[in-house]
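This report refers to the structure that appears directly beneath it.
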Amino acid sequence: MAMLEDPESNIRSLNDMLSISNDKDQKVVKLGLMSLLAVFKDIIPSYRIRQLTEKELAVEVSKEVKKTRYYEYTLIRCYKAYLQKLISLEKQPHFYSVAVRCMCALLDTAPHFNFRESLLASVAKNLSSSDDVVRKMCCGTIRSIFINEGKHRGEATIEAVRLIADHVKLNDCQLHPDSIEVFLSLRFDEDLREDETEEQKVKPKKNKHRQNQEAPKPLTVNDKKKTRQELISKAREEVDADLRAVSFTLDPKERKRIQRETLSALFETNFRILKHSMSTSNLRSKANIVSPGASHPLLAPCLEGLGKFSHLIDLDFMGELIACLKKLSGFSDQQDGTPHDSTLSVSECMQCCIVAFKVWRSNLEALNVDLQDFFVQLYNLILEYRPDRDRGEVLADALKTLLWEGKQQDMLRAAAFIKRLATFALSFGSAEAIAALVTLKHLLQKNSKCRNMLENDSGGGSLSCLVAKYNPEAKDPYLSGALASVLWELSLLEKHYDISVSSMASNILSMATLNPTQNPVPILNVNPLEAFRDLSIERELSKPASKALSLNLKKRRRGKEFVALNPDVLQKADCSVDKKELEEKLQSHFAVLRGISENERLRAKLNHTLSSINMYKEYKKQKKKNTKLKIIRKKVARV
């Protein structure tokens with residue numbers, strides 16, 4: 001194609017291609033749009049075309065420069081018309097997917113080029129589209145912009161984050177979760193806050209030193225030299241600005257400024273979602289409406305993002321953030337006497353606990369907060385977990401963050417969690433059970449005094465006389481009295497159908513015979529989250545393919561349809577049946593069966609006779625042909 005071979009000489013052909021997109025036939029319009037997309041992807045330059053000033057237009061230039069200017073002017077004009085056409089066709093259902101596909105491809109290929117703002121606005125608007133294909137396409141484009149910042153020097157990243165933030169604000173946080181999950185692809189430097197404080201400290205000193213050095217200089221320089229230096233410095237600044245516009249490498253200070261603005265917009269969006277979730281949960285709890293996860297679809301990805309970027313949160317917001325997470329997790333002081341019914345799901349409440357601990361650990365030296373309330377909330381949430389409703393991966397992550405990664409736990413609290421995890425492992429599937437047992441073993445290794453719960457004495461372990469009676473319904477782990485109980489659940493888990501669960505239970509029981517300083521031979525050197533994922537993958541891989549049922553399974557299912565009754569019950573039952581009526585029914589039934597068999601026999605005979613008749617007819621035809629051939633041959637022989 002001449003357009004692709006020499007774009008500068010054949011740039012006018014873009015106008016002809018644009019006219020194709022105005023055709024009445026929908027298929028022609030779609031093909032025209034896709035053709036223009038392929039052309040623009042090939043001819044778009046690697047720089048942003050700026051508008052010429054009046055001074056530049058007044059200067060006489062060579063033919064080559066005129067040709068280049070005409071090429072750039074025509075390209076920008078046609079590109080603008082193409083984008084306007086796409087935006088107008090986006091509103092029509094027949095061209096919706098094609099228009100969005102073209103805009104996503106242009107934004108992904110050339111995020112540095114002109115009219116990027118209009119492309120970003122259209123793509124960000126479709127992040128919450130009801131069409132799954134369009135939504136995934138737009139999310140993939142935004143993720144590529146966040147990851148490949150070298151194409152646009154990070155400027156498109158902050159524009160996209162601000163557009164999504166405005167979109168969340170306008171729609172009152174009622175969007176698809178995918179529109180916020182794209183934030184997880186953002187990347188930030190680790191030293192954003194430290195460099196900012198150092199610059200604030202160092203800058204005044206450098207300025208004072210420069211002022212002291214440069215103060216006597218103006219006295220020795222003449223006015224002519226001064227004006228000449230000013231002109232040279234202005235020319236250098238203009239050249240530097242042009243070089244920065246062409247190159248994609250950012251100055252470190254400019255990069256940090258862009259990242260700070262992006263981070264502030266990101267956290268502003270996340271905090272808005274948290275406040276909206278709090279307000280809606282309070283209104284729904286007052287109205288006695290309970291439908292978890294219905295009024296705040298953006299909360300789960302918001303909490304995941306806060307957990308990922310928790311080390312970048314400013315210390316001024318830590319206290320307010322943890323208080324907000326505590327309310328969202330459903331915790332309420334028992335002194336009030338009014339239970340707090342959270343409208344969040346169990347998984348979302350656990351995510352609040354996870355985010356609170358990640359924020360606390362990332363700022364451990366500067367933050368002094370008591371997180372005992374989150375332990376109490378997790379202790380109660382374990383009983384509310386349902387595998388068909390909640391996410392097991394979030395539960396395993398909560399066990400890993402709160403119990404596995406923490407320092408040595410308090411003995412009473414550790415004993416309460418050990419007993420509850422043993423009960424939990426006995427009640428749910430193998431993936432949840434292995435995560436609970438891995439955490440249980442870790443707590444027993446860190447708290448050697450809790451190993452007395454492994455003793456099988458009646459009435460509890462050796463510490464049962466020092467502790468009150470075990471109360472499994474206690475909401476506070478300190479008041480449960482778990483040290484007075486025995487881990488009898490482990491003896492049942494030794495007979496579990498899953499080998500990994502049974503071996504882990506027997507390994508934990510072997511700790512009863514060891515010294516407090518000794519630990520059993522490790523079986524799984526993984527945390528609860530990794531153990532849950534490994535067993536979940538094995539369970540998915542071990543599922544049989546959907547084939548026809550075997551004979552044994554069919555026999556078993558058929559056997560379940562019959563019920564064995566007691567003979568005494570059968571004797572007492574009323575078995576009086578009219579014999580004549582029964583005989584008539586049986587006669588009619590067997591008459592029908594005999595009629596069916598007789599019909600099948602007659603049909604077979606009929607088919608046989610028809611086939612024989614057809615064969616006889618074919619034989620007659622063939623015989624006539626043979627006789628005719630013989631007659632013809634005799635005549636030919638006589639001649």
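The values are calculated or read from the model by the stated rules, or taken from the named source; none is laboratory data. Source: prediction; values computed, not measured. We place every Cβ from the backbone using ideal geometry, glycine too, and count neighbours over all the protein chains shown. SASA here: full protein model, heavy atoms, side chains in, ligands and nucleic acids out. Shrake-Rupley method; radii C 1.70, N 1.55, O 1.52, S 1.80 Å.
State yes or no: is GLU198 modelled with pLDDT under 60 and under 35 Å from the mean Cα position of the chain (by Cα)? No: the conditions fail for GLU198.
Quick one: in segment 169-181, which of the residues that are open to solvent by less than 60 Å² (accessible area, probe 1.4 Å) and in a helix (DSSP H, G or I) is farthest from ILE258 (Cα to Cα)? Ranking the qualifying residues of segment 169-181, first place goes to ASP178. Among the residues making up segment 410-429, those that are within 18 Å of GLU494 (Cβ to Cβ) and buried (at least 21 other Cβ atoms within 10 Å of the Cβ) are ILE418, LYS419, LEU421, ALA422, PHE424, ALA425. Look at (1) under 35 Å from the mean Cα position of the chain (by Cα); (2) farther than 17 Å from LEU119 by Cα; (3) part of a helix (DSSP H, G or I) and you find that THR74 fails only one, number (1). When segment 63-87 is limited to residues that are of a type in the set (A, V, I, L, M) and touching a residue at least 40 places away in the same chain (Cβ under 8 Å), the one that is farthest from ILE20 (Cα to Cα) turns out to be LEU75. Filter segment 92-105 down to the residues that are closer than 16 Å to ASN22 by Cβ and open to solvent by 50 Å² or more (accessible area, probe 1.4 Å) and list them by number. Within segment 92-105, GLN92, HIS94 qualify. Taking segment 123-168 as the range and being under 13 Å from ILE258 (Cα atoms) and part of a helix (DSSP H, G or I) as the test, the residues that pass are PHE146, GLU149, GLU155, ALA156, THR157, ILE158, GLU159, ALA160, VAL161, ARG162.
Among helices (runs of 4 or more DSSP H) entirely within segment 9-62, having at least 2 residues that are in contact (Cβ under 8 Å) with a residue 40 or more places away in the chain singles out 13-20, 26-43. When you check SER464 against the structure, is it among the polar types (S, T, N, Q), modelled with pLDDT of 90 or more and open to solvent by 10 Å² or more (accessible area, probe 1.4 Å), yes or no? Taking the combined requirement at face value, the residue does not satisfy it.
Okay, residues lined up against (1) at pLDDT 95 or above; (2) within 22 Å of the chain's Cα centre (by Cα); (3) over 25 Å from PRO177 (Cα atoms):
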position: VAL98; (1), (2), (3): no, no, no
position: LEU107; (1), (2), (3): no, no, no
position: ASN114; (1), (2), (3): no, no, yes
position: SER144; (1), (2), (3): no, yes, no
position: GLY150; (1), (2), (3): no, no, yes
position: THR157; (1), (2), (3): no, yes, no
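State whether one or more residues within segment 101-116 are among the hydroxyl-bearing types (Ser, Thr, Tyr), under 24 Å from GLY140 (Cβ atoms) and either in a helix (DSSP H, G or I) or in contact with a Gly (Cβ under 8 Å, 6 or more places away or on another chain) (or both). For segment 101-116, residues among the hydroxyl-bearing types (Ser, Thr, Tyr), under 24 Å from GLY140 (Cβ atoms) and either in a helix (DSSP H, G or I) or in contact with a Gly (Cβ under 8 Å, 6 or more places away or on another chain) (or both): present. Screening the candidates SER285, SER264 for the property of being of a type in the set (Ser, Thr, Tyr), assigned to a helix (DSSP H, G or I) and at pLDDT below 70 yields one hit, SER285.
Could you tell me which of the residues LYS358, LYS400 is at pLDDT 85 or above and over 20 Å from LEU444 (Cβ atoms)? Every option except LYS358 fails the conditions.
Here ARG193, ARG187 are screened, and the one residue that is open to solvent by 60 Å² or more (accessible area, probe 1.4 Å) and either within 18 Å of THR269 (Cβ to Cβ) or modelled with pLDDT of 90 or more (or both) is ARG187.
Filter segment 106-115 down to residues that are open to solvent by 10 Å² or more (accessible area, probe 1.4 Å) and either in contact with a Cys (Cβ under 6 Å, 6 or more places away or on another chain) or not hydrophobic (A, V, I, L, M, F, W, C) (or both), then give me how many there are. Of the residues in that region, 4 qualify.
Checked against the criterion of being among the aromatic types (Phe, Trp, Tyr), surrounded by fewer than 16 Cβ atoms within 10 Å (Cβ to Cβ) and under 30 Å from ARG143 (Cβ atoms), the candidates TYR47, TYR73 yield just one match: TYR47.
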